[in-house]
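Before any comments, here is the structure.
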Amino acid sequence: MAFDEIVCAGNNLLGDCLCTTPTVRAFRKMHPDAKLVYVVQNKPHCRVLEGNPDIDHVIYTDEFPVPDPGPSRRAWLQNLGIDASADSELRHFDIHALHRSHPAVFKDHLSRGFARMFAVSIDSVRPVVTVDAAHRDAARALLNGRTIVFGMHTTSPVVGKDRESTLKDWVVERWLRLARELRTRGFDIIAVGSPNDQRLESRYLRNFYGLPILVTAALLAEAACVVTVESGLSHLCHAVDARMVLIFSRDVPLEWAAPEEATRCRVIYDDPRFVTCERVLAAIKSVMAMRPADERISASTAR
């Protein structure tokens, strides 16, 4: 069935928002003549959708959740300036609904979970992000020689096998030691995050928190390497195919968010408490030594 307009809506965090973009691309291929509107929260990270070639218009609002079908939905759409009388289709990307409707969702990549939710097929799980020359120029102005970017924060709690609530974060003292070790090797270190993330103060690194999200994406792409935990930032690295070392907690199934199509990535899949600086340094060296002929279709896993 053809639609005049497709309205996508989502109040997800950065990583989840990025993982909806392959499904949006599928909608565009299925309905090339439809107007595609994406309604998102008025959050800085949602600006990652700007310039997306599959989206005609982005509307920012905090009027969520999306109402049920019927008069309330039409009123909600009209209040956003969307013509509810048009032949339109509303697609709500709700991570909680995805969990409820697909019990085995953790056994596959989140992008495929969203695609199954709307019965479409996707060609790739790589997020779709557009970084232009202005974003790259802004990112390059922050670089100081060979730069390694740290993404130290995740806000997604996970439940370990012992049923205790755990986090996917790496040990703070090891971030500090890694920064010191890298500085002795001649690297500049930049830490990035949201304005609300707690900064790690150290003379071995520079903090650039709260950068425009697409400037952050360009910075990841321009860096010599990115070291990060599994988070929205790791999905952003995947989108721009940044050189990345990803510390991925084994309390989360690897299939859920592994950057399968990243060509310059090493994944350390383990309990973060047991990941040493030496392992991360070795993974950084391996990523930076990659030549085009060595790049693989899928990310390898360093164990």
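With Cα atoms defining each centre, segment 215-264 and segment 23-52 are spaced 22 Å apart in the structure. Could you give me D for segment 133-302, from Stokes-Einstein at 10 °C and 1.306 mPa s, where the hydrodynamic radius is the Kirkwood radius over C-alpha pairs? Units µm² s⁻¹, please. Answer, rounded: 99 µm²/s. Taking a point 7 Å from the Cα of Arg47 along the Cα-to-Cβ direction, the residues of segment 207-243 with backbone N closer than 17 Å to it are 208-221, 233, 236. State which helices in the chain qualify, where a helix is a whole DSSP H run, it must extend 20 Å or more along its own axis by its Cα atoms, and its mean Kyte-Doolittle hydropathy must be at least -1.0. Helices meeting the criterion: 14-30.
Close amide-amide hydrogen proximity is noted between Ile6 and Lys35, Leu36, Val37, Glu89, each under 5 Å apart and 5 or more residues distant or on a separate chain (H modeled in the peptide plane; Pro and chain starts excluded). Using 0.36 nm per residue and subtracting the Cα-Cα separation, the extra length available between Phe118 and Arg174 on full extension is 16.0 nm. Would you calculate, for the chain, the mean residue ellipticity at 222 nm contributed by helices, counting each DSSP H stretch of 4 or more residues as -39,500 (n - 2.57) and dividing by all residues, to the nearest 500? Value at 222 nm, helices only, nearest 500: -9000 deg cm²/dmol. Taking label positions 7 Å along the Cα-Cβ direction at both Asp68 and Thr276, the computed distance is 5.8 nm, reported to one decimal. Only beta bridges with both residues in the chain are counted; by DSSP, about 5 percent of them are antiparallel. Here the chain is treated as an ellipsoid with the same Cα gyration tensor; its semi-axes, largest first and in whole Å, are 35, 21, 18. Based on Cα contacts under 8 Å between residues 6+ apart, the chain shows a relative contact order of 18 percent. Here the residues His31, His109, ranked from fewest to most Cβ neighbours within 10 Å of their Cβ, fall in the order His31, His109. Using the Cβ-Cβ distance between Met290 and Gln198 with R0 set to 35 Å, the FRET efficiency from 1/(1 + (r/R0)^6) comes to roughly 0.60. Length gained on full extension, Ala133 to Arg146: 2.7 nm, using 0.36 nm per residue less the C-alpha separation. Find out how many positive minus negative residues lie around Cys46, taking Lys and Arg as positive, Asp and Glu as negative, among other residues whose Cβ is under 15 Å from that of Cys46. Net of charged neighbours comes to -2.
No lab work stands behind these numbers, since they all come straight from the coordinates. Predicted, not measured: the structure shown is a model, and the values here were computed from it. So basically every Cβ, Gly included, is an ideal-geometry build from the backbone, and we count neighbours across all protein chains shown.
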